[in-house]
Structures are given as structure tokens and as C-alpha cells.
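Reviewing the structure listed below.
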Amino acid sequence: ILERLANFDPGNCMEISRATGLISKMIDFTSYRNYITSINEEHQIMLAGLSLRVLRTLASTKGKFGVTLRQQILEHSFVLNNLAEILNDSVGGRELRELAAEIIKNLAMDRNASEDIGHCPVIISGLMRAFLSQVSSHLLRKITGQALAMLAMESANNCLLMLREPGFVFIEELTAMIRYDKYKYTAVSLLGSMCEHAWSELSNSDLKELSYTLQEVSAANSSFFLPFCF
């Protein structure tokens, strides 16, 4: 019912936010792995999913209402830890991970929130693993890629975290995506942010490979927009 009310009218979202303790309770439910109660795991996962869907709607609200709602969500001490837990946990299933990634993407619309999210590096780790993994679902890769692009857009710190994430050669993987992958536009956005905010961190081999790939793709598709300048 709360989800339907929130989807129906932004004013309802504000009313939900004014209900004492309601947002905090929903965020508490997202930490389903930490509950010490008689409720079984299946029920806990169901409560987490229901709560995440309402939080996703609240976080996606536009205008001044949306800014206020996102601030209220981020004020909860454990919201980022809970979202990171879901992103990095396969027990809850793909849907919970997709919902968590979408909430992060929506929260990152506000610049200060984007910086706050960067202070929880395990979130960026989880997003990168899901986005770059060939076994992730299409929707999960799409949402996590969008979340990463949003986090990188105006944050040098977040760009540096992505470049330095162990286990990935991020520029190389993004460059390969431009050539062949269905997520090429997300890859271009991320590469643009890397060049804008973390240029000094890119190696000569990264820059050469990137330059060659951009020329190749531009020649093959003149309508493909590449926001780079070498």
C-alpha cells in the first residue's frame, strides 16, 4: 500500500516521510541478515524487498521534495552499510541487489550524497563487480552501470576509488565495452569522468589505447558522441 501511495503522488511521499520512525523502520528491515528474531529468513527477505521498493520510490522523487527525502534517507546511520550488504550478498537474490543499486543511483543525484556514498568504498566495489561481471543479469548491469556513472560524474574521489579498486583494470575494461558491449554509452560516460577528474592517474598505455579506440569507434559511427579531448 505504501509503495502504491508513493508512486501515485509526490505529496504522499512527504506524508510517508513525516510518519514518525517509518523511514528508519524500513531501513532497519533492509538489514535482513542481522535480525535476531523468530522470523524466518524468507520472511526477512520479503520485508527487505518491500522496504527497498518504497525507499526506491522515495529516493527517485523529483524537485525539492526529492532533495528532502534523499537527505532523510541518508540521515539514517546504517543505510549505506545496509545497501552495501545487499549488493555484496547473493543470498537475498538478484531483485534485492537491483533495488539496492537503484536506490544508490537515485541518492547519488545529489552531489553531497554522492560524496557520502564514496566514503563507503564497499558500495563502489559491489557496483563495479556487478557491472563488469558477464554473469550478472542485464538489468543489474544496466542499473549498477548507471549508478557508477552518477557517482563518478562530479566526484574526483569516487573516480579515484574506481580506478584503484583491486582486481580490475577499469580503463581497459571500459575501453573494451565501447567497442562491443551493449553498455557502451555508460562506459563512455564513465571514461569521460575518469578523464575529467582523474587524468593524472591514467597511464600512458591507458591513454594510447583509449585514443585508438575512440578514433576507431568514431570512424565506424559518426553519430556516436564521445566527450573527450586529447
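The values are calculated or read from the model by the stated rules, or taken from the named source; none is laboratory data. Bear in mind the structure is a predicted one, so any value in this text is a computation, not a measurement. Quick reminder, even Gly has a Cβ in these numbers, built from the backbone with ideal geometry, and neighbours come from all protein chains shown. Each accessible area value is taken on the protein alone, full model and side chains, heavy atoms only, with ligands, DNA and RNA left out. Shrake-Rupley method; radii C 1.70, N 1.55, O 1.52, S 1.80 Å.
Of note:
- Taken together, I171, I117 contain a single residue that is open to solvent by less than 20 Å² (accessible area, probe 1.4 Å), closer than 24 Å to I104 by Cα, among the β-branched types (V, I, T) and modelled with pLDDT under 90, which is I171.
- Only one entry in M109, M46 is farther than 21 Å from L127 by Cβ and not small (G, A, S), namely M46.
- Residues of region 158-216 that are in contact with a helix residue (DSSP H, G or I) (Cβ under 6 Å, 6 or more places away or on another chain) and small (G, A, S): A187, S189, S193, A198.
- Some residue of region 32-52 being open to solvent by 60 Å² or more (accessible area, probe 1.4 Å), at pLDDT 90 or above and not polar (S, T, N, Q): yes
- Evaluating D89 against the criteria (1) in a helix (DSSP H, G or I); (2) surrounded by fewer than 22 Cβ atoms within 10 Å (Cβ to Cβ) leaves one unmet condition, (1).
So that you can scan it fast, the table gives a plain yes or no per residue for (1) farther than 19 Å from N82 by Cβ; (2) part of a helix (DSSP H, G or I); (3) open to solvent by 10 Å² or more (accessible area, probe 1.4 Å); (4) at pLDDT 90 or above:
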site: I103; (1), (2), (3), (4): no, yes, no, yes
site: N112; (1), (2), (3), (4): yes, yes, yes, no
site: I123; (1), (2), (3), (4): no, yes, no, yes
site: A130; (1), (2), (3), (4): no, yes, no, yes
site: A147; (1), (2), (3), (4): no, yes, no, yes
site: M150; (1), (2), (3), (4): yes, yes, yes, yes
site: L160; (1), (2), (3), (4): yes, yes, yes, yes
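- Just one residue in the set L139, L107, L80 is open to solvent by less than 20 Å² (accessible area, probe 1.4 Å) and not aromatic (F, W, Y); that residue is L107.
- Single residue of region 174-212 satisfying the filter (open to solvent by less than 20 Å² (accessible area, probe 1.4 Å), small (G, A, S) and more than 17 Å from the chain's Cα centre (by Cα)) that is modelled with the highest pLDDT: G192
- Counted residues, region 162-184 - those being closer than 12 Å to L132 by Cβ, part of a helix (DSSP H, G or I) and among the aromatic types (F, W, Y): 1
- Contact annotation: residue pairs with Cβ atoms under 8 Å, 6 or more positions apart or on different chains, pairing a residue in region 174-202 that is at negative phi with a partner that is of a type in the set (K, R) and open to solvent by less than 60 Å² (accessible area, probe 1.4 Å), are M177/K184; I178/K184; Y183/R141.
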